[in-house]
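Below is one structure; the comments refer to it alone.
The values are calculated or read from the model by the stated rules, or taken from the named source; none is laboratory data. Owing to the predicted nature of the structure, the values given are computational and were not obtained by experimental measurement. Positions of Cβ are generated from backbone atoms using ideal geometry, with glycine treated the same way; all protein chains shown enter the neighbour counts.
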Number of protein chains: 2
Amino acid sequence: MVRILVVDDEAAIRQMLAFALTGEGYITTEACNADQAQDAIHTNRPDLILLDWMMPGLTGVDLARRLKRNPETKDLPIIMLTARGEEHEKIKGLDTGADDYVTKPFSIQELMARIRAVLRRSGKEKEGEILVIDDLKIDLGTHRVTINGQPIELSPTEFRLLHFFVSHPERVYSRSQILDNVWGSNVYIEERTVDVHIRRLRKLLASHGFADYIQTVRSVGYRFSKTINE
Amino acid sequence: MVRILVVDDEAAIRQMLAFALTGEGYITTEACNADQAQDAIHTNRPDLILLDWMMPGLTGVDLARRLKRNPETKDLPIIMLTARGEEHEKIKGLDTGADDYVTKPFSIQELMARIRAVLRRSGKEKEGEILVIDDLKIDLGTHRVTINGQPIELSPTEFRLLHFFVSHPERVYSRSQILDNVWGSNVYIEERTVDVHIRRLRKLLASHGFADYIQTVRSVGYRFSKTINE
DNA sequence: CGAAATATGACAGTTTTATGACAGGCTGGA
DNA sequence: TCCAGCCTGTCATAAAACTGTCATATTTCG
């Protein structure tokens, strides 16, 4: 489950990118300025950032520099979107810390290729990763979940939800945070729907003896935790 | 538990904001003019102030300046609400000391994003904090309370109440101050209700060997304190 | 002792979450 | 293209959990 944050002040471009990325199986979040972007990065850390070079207010370059300066965010890969007129080479020389550049207008294929390349370089790619918690294993490469060796059949959404929980254990997430992380922002879905998916996931896990890991934190949200609370 | 003070002379706007903020998990207090605001700031220090720029009497700008001049309040982040006609740029130049500006009409999302951004900058964000007093730990990230490692189950209100006490120890609070801080102002609740919640919290803490920390100060209120008084 | 203030236990109304059912959408095949 | 079957988002409803208030004890203090 790779999450991509799209930062661009033009709604049309954001939407186009979101559409294309979603189609490729990425989860997208949008921000229309640097502030919103920072916000999104903190509440819902993406795996990669597509950043428009020109934006009103804090520009993409500034934001990139700032992110690269902060140790907490400096490993977040950034792909900068630049307009043709802006002289690629010159920009590259600016030492913004971006990991790659794409010149508008660009083809979707080209962008996707670069995204994959950057993700591969940053090691964030899904290949080969295996998450383990107790007897639960999530193999991202084969997209397979097993408990104690026994495979479990999960629907796509269940898989993403479990993946999210396993990679963010112990912390409470509100329903809307869960929606953002698992469904991607810019979807409008009833918050209660999260409950339903939680139930489905719980039922599946329970039927394999892996119960009580998804805990309800009343009036806050849910938490995935090994420590059973009494 | 982040508290936000909303200062605006129009009741409708105050209510709308209070509703939206409460929905996001903030505790809100309202004031309809600068005087009330100052009052509220002293009896119930907020973590952030939403301040209308135009108000009868002392305007938002004046109040902001005053707060920023006072060393005790100068670190309180302020977000100024301005009407469109008021020329953003000009206002920014006024050196009011506000930390950010939002132009009316604004979208709730935008406001929330800016609030989070400002809170983040001021380090007041809820994430990751862990409060400790003796063997009592409150982990805001996982929303978990433990005594000596043993988890305690608290209801939402109990959690907020304990959180408030632990972050404001060694000081007496009247029942109405407690109501303001834990329930938010603009709720109409019997003062005696505080007693009941205190009792519930005491009982829970006592059952885990953490008794006598919440002390009754007769005819004044309650105090959370390590130093047991005789 | 008597008034005032606080602690308690019980309770009913609310709020929040869990569940079961369902219909539209989508997918892969026929 | 059409169909069967799986996914999914939403509801209505049931089930829990939480809360605010009261009436009634207890305690405190002059």
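Among the listed residues A:His197, A:His168, A:His163, identify the single one that is in contact (Cβ under 8 Å) with a residue 12 or more places away in the chain and farther than 26 Å from A:Ala37 by Cα.
A:His197
Specify the residue that is nearest to DNA strand C (Cβ to nearest atom); the eligible residues are those in region A:184-200 that are more than 12 Å from A:Ile27 (Cβ to Cβ) and within 14 Å of chain B (Cβ to nearest Cβ).
A:Glu191
Can you tell me which residue is surrounded by the fewest Cβ atoms within 10 Å (Cβ to Cβ) among those in region B:186-199 that are within 7 Å of DNA strand D (Cβ to nearest atom) and farther than 30 Å from B:Ala11 by Cα?
My answer is B:Val196.
Report, by residue number, each residue of region A:139-152 that is in contact (Cβ under 8 Å) with a residue 12 or more places away in the chain and within 16 Å of DNA strand D (Cβ to nearest atom).
A:His143, A:Val145, A:Ile152
Working only within region B:165-183, note down all residues that are buried (at least 20 other Cβ atoms within 10 Å of the Cβ) and either of a type in the set (A, V, I, L, M, F, W, C) or within 11 Å of another protein chain (Cβ to nearest Cβ) (or both).
Correct list: B:Phe165, B:Ile178, B:Leu179, B:Val182.
Scan region A:77-88 and tell me whether some residue there is in a helix (DSSP H, G or I) and within 14 Å of another protein chain (Cβ to nearest Cβ).
No, every residue in region A:77-88 fails to be in a helix (DSSP H, G or I) and within 14 Å of another protein chain (Cβ to nearest Cβ).
So B:Lys226 ticks every box in (1) more than 8 Å from DNA strand C (Cβ to nearest atom); (2) over 24 Å from B:Gly149 (Cα atoms); (3) loosely packed, with under 13 Cβ neighbours inside 10 Å; (4) charged (D, E, K, R) but one. Which box is left unticked?
For B:Lys226, the exception is condition (2).
Could you check region B:125-162 and list, in sequence order, the residues that are among the basic types (Lys, Arg) and either surrounded by 17 or more Cβ atoms within 10 Å (Cβ to Cβ) or at pLDDT 90 or above (or both)?
The answer is B:Lys137, B:Arg144, B:Arg160.
Return the residue satisfying two criteria in turn: it lies in region A:38-51 and is part of a helix (DSSP H, G or I) and more than 13 Å from the chain's Cα centre (by Cα), and of such residues it is farthest from B:Ala113 (Cα to Cα).
Restricting to residues being part of a helix (DSSP H, G or I) and more than 13 Å from the chain's Cα centre (by Cα), the top hit is A:Gln38.
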